[in-house]
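*Asks:* The structure is given below, and queries will be raised subsequently.
Bear in mind these aren't lab numbers, they're just calculated from the coordinates by the rules spelled out. Since we're looking at a predicted model, the values are computed, not measured. Note: ideal-geometry Cβ built from the backbone for every residue, glycine included; neighbour counts use all protein chains shown.
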Amino acid sequence: MTPPIEGFSKLSKEEKIDWIAARYTDNSEETKKILKRYWNQDTRLQQLHDEFIENTISNYYLPLGIAPNFLINGKVYAMPMAIEESSVVAAASKAAKFWLERGGFKATVLGTEKIGQVHFIYQGDAQKLGDFIAAVKPTLLSDAAGITGKMERRGGGVTSISLRDRREVMDHYFQLHCTFETIDAMGANFINSCLEQFASTLQREAQGYAAFSPEEKDIEVVMSILSNYVPDCLVRAEVQCPVEALNEEKDMEPMEFAEKMVRAVAIAKAEPFRAVTHNKGIMNGVDAVVLATGNDFRAVEAGAHSFAAKEGQYSSLTHARIANGVFHFWIEIPLALGTVGGLTRLHPMVQLSLDILQNPSARELMQIVAVAGLAQNFAALRSLVTTGIQQGHMKMHLLNIVNQLEVSQEEKLALLNEFKDRPVSHRAVEAALERLRPPR
Ligand code: MEV
């Protein structure tokens, strides 16, 4: 068994690599070679990446792709997407082009409220606690003025502080439930700093509150943290067209296609096993743009899935209907995003992605990302209800299969050519390669 190590973080980068290569890999020279091959030649750029996180030993690349032709609210965007899965960018591009020719996407921000909570234990009279919170609110805000000043000058800040009695879930459990407007910042650091200040003011002021008994003065703060469940930081993206304009399917009439799409969404609404995969496909598009623009995709994932379960059963994030001969398809998704702060001005590729999107505000980015999710879902459902997903997916995956087989450039071109019009599978590609190679 490899013994644990003390003080790993204090080792130099080279020492960390030596240690991990020697202790955890079979071929330590090869490990070191791979890790160093992925270092950037520009040492300042490499140092920037090293310092994003802790104990950095190398970089981990994801491809950055572009899905062009997204017409959103009258403006044409090229969508930067960072993702490892083949066919996602192609699907997005295809959906973008499809809707470009049918009026484009419309997107609307429905709300931008962020949420954070101070969770605390108070053993005493709830009425007295309510009076205390009402009395202490101005002090909560004034104590936090050093944190909130800059955000307020930009038009944001703390928008509400309320007391929530949660004793039905745990003895003596209360919350300060706080809402925030963070403008173009995702706002996690701002919110958490405010909440920690509120918690300390709360405890200090309780000690001096004359109406409290000694036990009531001892408010125990359990934790102060933002919530990634942001049902009112919400955006809607939609497309619509006359059913007869859905006329691109080879073997399906427009009305049959429209009805199948509506049914596919209805299944995802009613059936959690399907809903999870349906929403996963949406998140293929959402995460790729969220990641390219330096946002926190784990926060977005957590928020989106909790929103999908808000009625008590996990369900579809998209909706579809046919009304008066018009096909409507839309998504409502909570998205807490930023275009300032965090990595946005630090990571050169993030800056570039935001530039490509013409430096959107956070609200605009919410709209763009929601559209990426809707487009991805449209493309997935379109394949699923017509040809099936594998045909297109395996075509896109062909390059990955070929690359795994260690072929020459000449063999690669021959294989790509051969599978232009043939169903792709790993076995079929292997067999074709064998046929290409002269017998030994
Ligand atoms: C694959 O990454 C995503 C899909 O499974 C989504 C879906 O089934 O809707 C194709």
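*Asks:* Need one word for region 393-436: rounded, prolate or oblate. Basis is the Cα gyration tensor (sqrt eigenvalues a ≥ b ≥ c); a/c below 1.5 gives rounded, then a/b vs b/c decides. Don't skip to the end; give the middle numbers.
*Replies:* On the way: a/c = 1.40, a/b = 1.29, b/c = 1.08.
Judged from the Cα gyration tensor, region 393-436 comes out rounded (a/c under 1.5).
*Asks:* Mind running the shape call on region 322-408? Use the C-alpha gyration tensor, a ≥ b ≥ c as the square roots of the eigenvalues: rounded below 1.5 for a/c, prolate if a/b tops b/c, oblate otherwise. Display every interim value, and only then the final one.
*Replies:* Values: a/c = 3.47, a/b = 1.13, b/c = 3.06.
Here region 322-408 falls in the oblate category.
*Asks:* Return 163, 195, 337 ranked ascending by Cβ neighbour count within 10 Å, so the fewest neighbours appear first.
*Replies:* With the fewest neighbours first, 163, 195, 337 line up as 163, 195, 337.
*Asks:* Count of lysine pairs in region 1-121 with Cα atoms under 16 Å apart, counting only pairs 8 or more residues apart in sequence or on different chains?
*Replies:* Taking the Cα cut-off of 16 Å, the pair count is 9.
*Asks:* What does the charge count near residue 43 come to, summing +1 for each Lys or Arg and -1 for each Asp or Glu among other residues with Cβ under 15 Å from its Cβ?
*Replies:* On the way: positive: 13, 36, 44; negative: 14, 42, 50, 51.
Cβ neighbours under 15 Å give a net charge of -1.
*Asks:* What number, rounded to the nearest 500 deg cm²/dmol, is the helix-based mean residue ellipticity at 222 nm of the chain, given -39500 (n - 2.57) per DSSP H run of at least four residues and division by all its residues?
*Replies:* Rounded to the nearest 500, it is -15500 deg cm²/dmol.
*Asks:* Between region 153-209 and region 330-366, what is the C-alpha centre distance in whole Å?
*Replies:* If we compute the Cα centre of each part, the gap is 26 Å.
*Asks:* With a cut-off of 20 Å, note down the residues of region 231-262 whose backbone N falls inside the zone around a label point 7 Å from the Cα of residue 100 toward its beta carbon.
*Replies:* Inside the label zone: 238-242, 245-249.
*Asks:* Have a look at 257, 378, 105 and tell me which one the Gaussian network model of the chain (Cα, springs below 10 Å) gives the largest fluctuation.
*Replies:* Judging by the Gaussian network model, the answer is 257.
*Asks:* Mind checking which lysines have their C-alpha under 21 Å from residue 128, skipping anything on the same chain fewer than 8 residues away?
*Replies:* Cα-Cα hits under 21 Å: 137, 217.
*Asks:* Once phi is turned into θ = phi - 60°, what whole-Hz ³J(HN,Hα) does the Karplus curve with 6.51, -1.76 and 1.60 give for every residue of region 414-428, x standing for Gly and Pro?
*Replies:* 5, 5, 4, 5, 4, 8, 4, 10, 10, x, 9, 8, 4, 5, 4
*Asks:* Once Rh is set to the Kirkwood radius over Cα pairs, what Stokes-Einstein translational diffusion coefficient, in µm²/s, holds for the chain at a temperature of 20 °C and a viscosity of 1.002 mPa s? The partial results should precede the final answer.
*Replies:* Working: Rh = 25.4 Å.
For these conditions, the coefficient is 84 µm²/s.
*Asks:* Once a ≥ b ≥ c are taken as the square roots of the eigenvalues of the Cα gyration tensor of region 1-140, is the result rounded (a/c under 1.5), prolate (a/b larger than b/c) or oblate (a/b not larger than b/c)?
*Replies:* Oblate.
*Asks:* What aspartates and glutamates does residue 150 reach when the alpha-carbon gap must be under 13 Å and sequence neighbours fewer than 8 apart in one chain are set aside?
*Replies:* Reachable aspartates and glutamates: 181, 184.
*Asks:* Taking Cα atoms, how many degrees apart are the long axis of helix 254-270 and the longest axis of the chain, rounded to 10 and kept between 0 and 90?
*Replies:* That helix lies at roughly 40 degrees to the long axis.
*Asks:* As I understand it, the value is the acute angle between the Cα axis of helix 389-404 and the longest principal axis of the Cα atoms of the chain; what does it come to in degrees, rounded to 10?
*Replies:* So the inclination is approximately 80 degrees.
*Asks:* How far apart, in nm, are the 7 Å Cα→Cβ label points at residue 110 and residue 22?
*Replies:* Taking the two extended label points, one gets 5.8 nm.
*Asks:* Test of understanding: what is the full-extension gain from residue 413 to residue 51, defined as 0.36 nm times their sequence separation minus their Cα-Cα distance?
*Replies:* Using 0.36 nm per residue and subtracting the Cα-Cα distance, I get 126.2 nm.
*Asks:* Fewest first, what order do 233, 178 take by the number of other Cβ atoms within 10 Å?
*Replies:* Ascending Cβ contact count within 10 Å gives the list 178, 233.
*Asks:* For the chain, modelled as a GNM with alpha-carbon contacts under 10 angstrom, which of 344, 386, 43 fluctuates the most?
*Replies:* 43
*Asks:* For the chain, modelled as a Gaussian network with Cα springs under 10 Å, which listed residue fluctuates most, 223, 366, 170?
*Replies:* So, out of 223, 366, 170, the one fluctuating most is 170.
*Asks:* Report, in degrees rounded to the nearest 10, the 0 to 90 angle that the Cα long axis of helix 126-143 makes with the longest principal axis of the chain.
*Replies:* Once rounded, one gets 70 degrees.
*Asks:* Over region 393-436, what is the mean sequence separation of C-alpha contacts under 8 Å (at least six apart), divided by residue count, expressed as relative contact order in percent?
*Replies:* So the answer I get is 51 percent.
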